[in-house]
Amino acid sequence: MRRAGYQLINVRRMYEFDGLHTVHNARFREDPRFQAAYQRALQASHGVDPHTEWRVHIGLWAASRASSIPGDFIECGVNAGFLSSAILTYLDWTGLGKKFYLVDTFEGPVLKQFAEEEIAGGRLAAIEQALSTGAYVTDIERIRENYAEWPRIEIVKGSVPEVLPAVDAQRVAFLHLDMNCAYPETAALRHFWRRISTGGIVLFDDYAYFGYNEQAKAIDEVLLSLGAEILILPTGQGLIVK
């Protein structure tokens, strides 16, 4: 069928996961290097598959670009280590000479950090339900074991922003923010912004995700003050190249 200059074909091969519905070619899923990285992510999650292949694809691209930029890698909001494990597998991490700081409470999000607007929008209730069903990894030994195969991994346990001074990276090439709450994400962005190298990447996991409007508004206010511009992605992520 042709309509407005486009032709819709082979709709049976559409990608329909994680809130993203498209008939466009997701050929990265057939790449052996991507598959190895995604399988390692599944190992980190003990086989729990969130079906976030396109989200991970973007994370791997961003990390690959950042691998040639001066500075270390930081992830705030690690949980089981799904994306960071995929990144470490995808890159030649041993040869990069960078550190990867993994920052998390490893007890789930800090409930008192949610703003009234987020609570009214149902974000706190969703987090409480996720905590009650065991969606957040609280076994720190499991986390340490997951990352034991890679060098220069720094696991930083604590809540953001209080724990951020423990991250001694002087320059940052890649910052991934996935804390599901406006307050810690904006605090981390402000804290690290001056350290992010030119060409460095900030990736928000759920900037445009359904139900995260208040979080996005708070991030937008910070970006306006920093003079930065964000790319909104159909996966729900947000991407900044400094």
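The values are calculated or read from the model by the stated rules, or taken from the named source; none is laboratory data. Computed from a predicted structure; not experimentally measured. Neighbour counts are summed over all protein chains in view; Cβ atoms, including those assigned to glycine, are modelled from backbone coordinates with ideal geometry. These accessible areas exclude ligands, DNA and RNA; they are computed on the full protein's heavy atoms, side chains included. Shrake-Rupley method; radii C 1.70, N 1.55, O 1.52, S 1.80 Å.
Only protein heavy atoms count here; on that basis, with a 1.4 Å probe, D220 has an accessible area of about 70 Å².
Count charges around A169 for me, please; just the other residues with Cβ under 10 Å from its Cβ, Lys/Arg as +1, Asp/Glu as -1. Within the 10 Å Cβ shell, the charges total +1.
The residues of segment 39-103 expose, per residue, 35 Å² of accessible area to a 1.4 Å probe.
Solvent exposure of M179, expressed as accessible area, is near 30 Å², computed with a probe of 1.4 Å over the protein chains only. Listed by chain and number, the lysines whose C-alpha is less than 25 Å from the C-alpha of K99, apart from same-chain residues fewer than 8 away, are K157, K242.
Please label the shape of the chain as rounded, prolate or oblate, based on the square roots a ≥ b ≥ c of the eigenvalues of the alpha-carbon gyration tensor (a/c under 1.5 means rounded; beyond that, a/b larger than b/c means prolate, else oblate). It would help to have the intermediate numbers written out before the result.
Details: a/c = 1.34, a/b = 1.19, b/c = 1.13.
In terms of gyration-tensor shape, rounded.
Taking the mean number of other Cβ atoms within 10 Å as a proxy for protection, how do you rank 206-217, 82-93, 119-130 from highest to lowest?
Working: 206-217: 18.1, 82-93: 22.7, 119-130: 14.7.
Ranking, from highest mean packing down: 82-93, 206-217, 119-130.
Seen from I87, the other residues with C-beta closer than 10 Å to its C-beta sum to a net charge of 0, counting Lys and Arg as +1 and Asp and Glu as -1.
Students sometimes get this wrong: rank K157, K99 by accessible area, probe 1.4 Å, all chains present, largest first.
Working: K157 105, K99 70 Å².
Heavy-atom accessible area, descending, gives K157, K99.
When only C-alpha pairs under 8 Å and at least 6 residues apart count, what is the relative contact order of segment 1-146, in percent? Working shown, then result.
Numbers: 131 pairs, mean separation 29.4, N = 146.
Once normalised by length, the contact order is 20 percent.
Note on D220 and A130: the model spin-label points, each 7 Å out from Cα along the C-beta direction, lie 2.2 nm apart.
Here H21 sits with roughly 110 square angstrom of accessible surface, probe radius 1.4 Å.
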